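To keep things clear, I will list the structure first and then write my remarks on it.
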Amino acid sequence: MIVSATPGRDLCHPEVMVPLVWLIAGIALLAGEMLAGEFVLLMLGGGALVAAGGSALFGLGWLGSTLLFAIASVLLLVGVRPVLRRKAQKSIEGYVHHTDKIVGGPAVVSRRVDGHGGRVRIGPDEWSARAFDGEQVMEPGERVTVVRIEGATVLVLAE
């Protein structure tokens, strides 16, 4: 039995096979981009989808659709990828890690802090704390400055 996509055409016919192969390649490249994250496979996947569409709409064979893939991929790599990379880089540079905001900021001792341990409140959060120099002793209610973070413990100095 012959399976056909349209009456009179089987799946091995070039008018069906060429766009199908480009569609599968495009989807595979787009999926691969999720692992790579460099926007190259995304652009190549876009080129493959353009080739699939051109092949399906205009009846391009392997040679024509490959040429369309190459042109679309180069245009996407040269025109779109740099813009996406700049946007991604800006969003990474603008990100400030939560712990980076804490260092240098104020805290209030909630349980006595010395060189062995204690607790401080930083905003709404309570953190384990130790005296930065290991010698100071800070009592509850005293304002301190966060000097460094080591794991889940802040090292503090009396103000």
### Query
Pick from 120, 144: which is assigned to a strand (DSSP E or B) and touching a Lys or Arg at 6+ places or on another chain (Cβ under 9 Å)?
120
### Message
Taking the criterion of being at pLDDT below 90 and touching a strand residue (DSSP E or B) at 6+ places or on another chain (Cβ under 8 Å), would at least one residue in the stretch 22-44 satisfy it?
### Response
no
### Query
With respect to the numbered conditions (1) buried (at least 18 other Cβ atoms within 10 Å of the Cβ); (2) modelled with pLDDT under 90, which one is the sole condition not fulfilled by residue 94?
(1)
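Here is a check on your reading of the model: is residue 107 part of a strand (DSSP E or B) and either touching a residue at least 60 places away in the same chain (Cβ under 8 Å) or surrounded by 17 or more Cβ atoms within 10 Å (Cβ to Cβ) (or both)? Spell out how you get there, then give the answer.
Details: part of a strand (DSSP E or B): yes; either touching a residue at least 60 places away in the same chain (Cβ under 8 Å) or surrounded by 17 or more Cβ atoms within 10 Å (Cβ to Cβ) (or both): yes.
The answer is yes for residue 107.
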### Message
Tally up the residues in the stretch 139-159 that are more than 39 Å from the chain's Cα centre (by Cα) and at pLDDT below 95, please.
### Response
2
#### Entry: Odd one out for residue 78 among (1) more than 30 Å from residue 42 (Cα to Cα); (2) outside any loop (DSSP other than H, G, I, E, B); (3) not hydroxyl-bearing (Ser, Thr, Tyr)
(1)
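Of 114, 100, 133, which residue is of a type in the set (Asp, Glu) and open to solvent by 90 Å² or more (accessible area, probe 1.4 Å)?
Working: 114 fails: open to solvent by 90 Å² or more (accessible area, probe 1.4 Å); 133 fails: open to solvent by 90 Å² or more (accessible area, probe 1.4 Å).
Selected residue: 100, the only one of 114, 100, 133 that is of a type in the set (Asp, Glu) and open to solvent by 90 Å² or more (accessible area, probe 1.4 Å).
The values are calculated or read from the model by the stated rules, or taken from the named source; none is laboratory data. Keep in mind the model is a prediction, meaning the values are calculated, not measured. All Cβ positions, even for glycine, are placed from backbone atoms using ideal geometry, and neighbour counts span all protein chains on display. Remember, those area values only see protein heavy atoms, side chains included, never the ligands or the DNA or RNA. Shrake-Rupley method; radii C 1.70, N 1.55, O 1.52, S 1.80 Å.
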